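To keep things clear, I will list the structure first and then write my remarks on it.
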Amino acid sequence: TQLLEQSPQFLSIQEGENLTVYCNSSSVFSSLQWYRQEPGEGPVLLVTVVTGGEVKKLKRLTFQFGDARKDSSLHITAAQTGDTGLYLCAGQMTTDSWGKLQFGAGTQVVVTP
Amino acid sequence: DAMVIQNPRYQVTQFGKPVTLSCSQTLNHNVMYWYQQKSSQAPKLLFHYYDKDFNNEADTPDNFQSRRPNTSFCFLDIRSPGLGDAAMYLCATSEAGLADRQFFGPGTRLTVL
């Protein structure tokens, strides 16, 4: 059973459209990260959110951490083909003494021209 | 540029033939991690080193071993690869106490024939 559930599993949209990816859990996390992974490459850290209700913006990407620190969302405005990739959320649980990251299974995003 | 390097990028081995994957880092981070990622799944932590202290995940098979001869290098040894061990193997690093900011290498894609 995944501690972090991501939805949807797969998303295909056209360039210029908006999309939102969700990461949900019943557990509380001290911080939550979003990574993007391209085929044949390792995940690249996009953002870390640590405060409940926090919103961070990275150009066309907006990340939100839920008030209760159990969920997060990633919103992409006016998607571009370069946004194609596997988006992974990962969280550090408050109960972990050393901070092991729990990963979601990812959302595969495909942006077509 | 400071980075995490994995060699080789692609490795083909035969069933039961030992294989070693390598990871090096120029970030001078205390902590190094090895993850296994199968297709469409979340990265799964196998073990991590905090300096020279080795920490094995409870469900990591005995078939997987690791060595960290110095701060910069870490090796993953698979003693007798099975078909089920075919996966992407990811190395990551972080500073001590900052497991929520992990830097990943590009991964090694292991094929077992």
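The values are calculated or read from the model by the stated rules, or taken from the named source; none is laboratory data. Just so you know, these numbers come straight off a predicted model, no measurement behind them. Here the Cβ is made from the backbone with ideal geometry for all residues, glycine too, and neighbour counts use every protein chain on show.
Tallying residues that are in contact with a Ser or Thr (Cβ under 9 Å, 6 or more places away or on another chain) and closer than 14 Å to A:L88 by Cα within segment B:27-43 yields 0.
Screening segment B:45-113 for strands (runs of 3 or more DSSP E) wholly inside it with 1 or more residues that are among the aliphatic types (A, V, I, L, M) and within 18 Å of A:Q33 (Cβ to Cβ) returns the ranges B:87-94. Against the list (1) closer than 18 Å to A:T84 by Cα; (2) exposed (fewer than 14 other Cβ atoms within 10 Å of the Cβ), the condition A:P43 fails is (2).
Can you say whether B:S94 is at pLDDT below 95, hydroxyl-bearing (S, T, Y) and out of contact with any strand residue (DSSP E or B) (no Cβ under 7 Å at 6 or more places or on another chain), as far as the supplied structure shows? In short, no. What tally of residues in segment A:35-50 results from selecting those that are touching a Pro at 6+ places or on another chain (Cβ under 8 Å) and either within 10 Å of chain B (Cβ to nearest Cβ) or of a type in the set (D, E) (or both)? Looking only at that region, the number is 6. Restricting attention to segment A:57-89, the residues that are within 12 Å of the chain's Cα centre (by Cα) and not polar (S, T, N, Q) total 12.
Under the condition of being surrounded by 21 or more Cβ atoms within 10 Å (Cβ to Cβ) and of a type in the set (D, E, K, R), the residues counted in segment A:18-40 number 0. Could we say that A:L3 is touching a strand residue (DSSP E or B) at 6+ places or on another chain (Cβ under 7 Å), part of a loop (DSSP other than H, G, I, E, B) and within 13 Å of chain B (Cβ to nearest Cβ) here? So A:L3 passes the test.
Scanning segment A:53-71 for residues that are more than 13 Å from chain B (Cβ to nearest Cβ) and surrounded by 13 or more Cβ atoms within 10 Å (Cβ to Cβ) returns A:E54, A:K56, A:R60, A:L61, A:T62, A:F63, A:Q64, A:G66, A:K70, A:D71. What is the residue count in segment B:38-91 for residues that are within 14 Å of chain A (Cβ to nearest Cβ), among the basic types (K, R) and surrounded by fewer than 16 Cβ atoms within 10 Å (Cβ to Cβ)? Looking only at that region, the number is 1. Using the structure shown, decide if B:Y35 is farther than 14 Å from B:A86 by Cβ, touching a residue at least 12 places away in the same chain (Cβ under 8 Å) and within 11 Å of another protein chain (Cβ to nearest Cβ). The answer is yes for B:Y35. Each residue in segment B:83-108 was checked for being touching a Cys at 6+ places or on another chain (Cβ under 8 Å) and among the acidic types (D, E), and 0 of them qualify.
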